[in-house]
Amino acid sequence: MKIMIVDDSTAMRLIVKKTLRQAGFEGHEIVEFEDGSLAHGAITRNKPDLVLSDWNMPQMTGIELLEKLNAAGIKVKFGFVTTEATPEMRTRAESAGASFLISKPFTAEMFKETLTPFIR
């Protein structure tokens, strides 16, 4: 399974990868991008099975990425791993078709519980 992590923080991308392993999701191909515009190009060329995206990033935010994919008719399992998780953000993410929103700080248990339905 191909999992894409999109976050402008190198440290956070490493933490997400480590947490995936701790949650038992090892052996998957993981690709990383530092903003939504770079991720968009990669998704259109070679669609991943799951995208874990930050919300706030330069160039193109995570929600803008999801909305642009939707506008182009590109369907991909997509969720957010983000610091901000206001009710308004959760509603907007859900309306845009996000499968989940995991709030930082997160745990391996949160990843396991949330991502098990999406990772084979």
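The values are calculated or read from the model by the stated rules, or taken from the named source; none is laboratory data. This structure is a prediction, so every number in the text was calculated from the model and none was measured. Ideal geometry is used to build each Cβ from the backbone, glycine not excepted, and the neighbour counts take in all protein chains shown.
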Tell me which residues, restricted to the range 46-60, are at pLDDT below 95 and either polar (S, T, N, Q) or more than 19 Å from Ser9 (Cα to Cα) (or both). Asn46, Lys47, Asn56, Gln59
Scanning the range 82-100 for residues that are farther than 15 Å from Glu64 by Cα and not acidic (Asp, Glu), the one modelled with the lowest pLDDT turns out to be Ala85
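Which strands (runs of 3 or more DSSP E) sit wholly inside the range 7-86 and have at least 1 residues that are under 16 Å from Lys112 (Cα atoms)?
50-53, 77-82
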Those residues of the range 87-102 which are among the polar types (S, T, N, Q) and not in a helix (DSSP H, G or I), in sequence order: Ser99
With the structure loaded, tell me whether Glu84 is surrounded by fewer than 16 Cβ atoms within 10 Å (Cβ to Cβ), touching a Lys or Arg at 6+ places or on another chain (Cβ under 8 Å) and of a type outside the set (Ser, Thr, Tyr) or whether it fails that test. no
Here are some residues: Glu64, Glu34. Which one is within 15 Å of Ile5 (Cα to Cα) and among the acidic types (Asp, Glu)? Glu34
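Yes or no: Ala72 hydrophobic (A, V, I, L, M, F, W, C), over 20 Å from Asp8 (Cβ atoms) and in contact with a Ser or Thr (Cβ under 6 Å, 6 or more places away or on another chain)?
no
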Among Phe106, Phe111, which is surrounded by fewer than 17 Cβ atoms within 10 Å (Cβ to Cβ) and in contact (Cβ under 8 Å) with a residue 40 or more places away in the chain? Phe106
Over the range 6-44, the set of residues touching a Gly at 6+ places or on another chain (Cβ under 8 Å) and of a type in the set (Phe, Trp, Tyr) is none
